[in-house]
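Undergrad: Questions regarding the structure given below will be posed in turn.
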Amino acid sequence: MEELQIKAEKYAAEKTQEVIAKAIAQAYFDGYSDGYKDGEEHTAIDFRVSNPHFIDLGLPSGTMWASDFERDKEDIRHLTYGQASHFALPTKEQVQELFDNCMWFRQGKGHYNACYVCIGPNGKSITFDNASYKIPYPEEEKHVFMYTLSSFWIESKNESLKKNSAWIKVEGENIDKELKETHPGMMLPIRLVSNKKI
């Protein structure tokens with residue numbers, strides 16, 4: 001009778017492993033299928049970066065800034081905050097450091113040919129093209145509101161609905177640079193940083 005008990009336990013252990021293995025295999029299959037279906041139904045976001053060139057502006061933190069916005073071919077990429085958060089966005093401290101330690105001026109005229117030039121303490125510079133925001137209207141093309149300003153997303157650790165962003169614009173004779181909170185559904189450009197030390 002004891003031998004039968006041992007055989008029964010061995011049989012139960014083997015069957016249990018078989019059932020668990022089948023359940024795991026089925027879960028894997030279902031998850032893969034759901035992911036594939038979801039991918040077909042939604043537009044995929046390309047999270048690759050366009051091989052950015054980083055410039056050392058001589059900032060105290062050692063942070064280096066990409067020489068340009070991320071682009072799709074020639075067009076500046078505009079992303080919601082959720083999409084942009086996958087990239088190496090600058091922190092509020094890094095943006096404030098850029099605003100406080102660099103010399104700024106506007107170059108060119110009009111909406112499309114002008115840009116903001118940012119010269120670092122070491123004399124090297126980067127430019128910020130006029131790159132406003134887009135609002136993804138349903139069933140319409142995404143409208144771009146082009147003013148004489150440049151904006152981009154900033155890394156946000158907060159749990160609130162609004163997320164951090166930077167805005168650079170002309171105010172009379174001056175260039176106004178500010179950090180502000182923006183609705184995450186708006187589509188802003190992204191500017192990458194490297195060597196985050198702040």
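The values are calculated or read from the model by the stated rules, or taken from the named source; none is laboratory data. Only a predicted model underlies this, so the values are computations on that prediction, with no experimental measurement involved. Backbone-built Cβ (ideal geometry, glycine too); neighbour counts: all protein chains shown. Side chains are part of the model used for accessible areas, which takes the heavy atoms of the whole protein and leaves out ligands, DNA and RNA. Shrake-Rupley method; radii C 1.70, N 1.55, O 1.52, S 1.80 Å.
Undergrad: Suppose we keep only residues that are within 16 Å of Ala114 (Cβ to Cβ) and aliphatic (A, V, I, L, M) within the stretch 159-190. Which one would you say is least open to solvent (accessible area, probe 1.4 Å)?
TA: Step by step, filter the stretch 159-190, then rank; the result is Ile168.
Undergrad: Among the candidates Cys115, Cys102, single out the residue that is under 21 Å from Leu57 (Cα atoms), modelled with pLDDT under 90 and open to solvent by less than 30 Å² (accessible area, probe 1.4 Å).
TA: From the options Cys115, Cys102, the qualifying one is Cys115.
Matching residues to (1) open to solvent by less than 60 Å² (accessible area, probe 1.4 Å); (2) modelled with pLDDT of 95 or more; (3) within 13 Å of Pro189 (Cα to Cα):
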| site | (1), (2), (3) |
| --- | --- |
| Gln96 | no, yes, no |
| Lys109 | no, no, no |
| Asn122 | no, yes, no |
| Thr127 | yes, no, no |
| Tyr133 | yes, no, yes |
| Lys157 | no, no, no |
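Undergrad: List every residue pair whose Cβ atoms sit under 9 Å apart, with the two residues 6 or more apart in sequence or on different chains, where the first one lies in the stretch 117-134 and is under 16 Å from His53 (Cα atoms) and the second, anywhere, is part of a loop (DSSP other than H, G, I, E, B) and among the basic types (Lys, Arg).
TA: Qualifying pairs under 9 Å: Ile126/Arg191; Phe128/Arg191.
Table: residues versus (1) touching a Cys at 6+ places or on another chain (Cβ under 8 Å); (2) farther than 14 Å from Leu192 by Cα; (3) at pLDDT below 90; (4) open to solvent by 100 Å² or more (accessible area, probe 1.4 Å).
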site: Met1; (1), (2), (3), (4): no, yes, yes, yes
site: Ile20; (1), (2), (3), (4): no, yes, yes, no
site: Ala23; (1), (2), (3), (4): no, yes, yes, no
site: Gly82; (1), (2), (3), (4): no, yes, no, no
site: Ser85; (1), (2), (3), (4): no, no, no, no
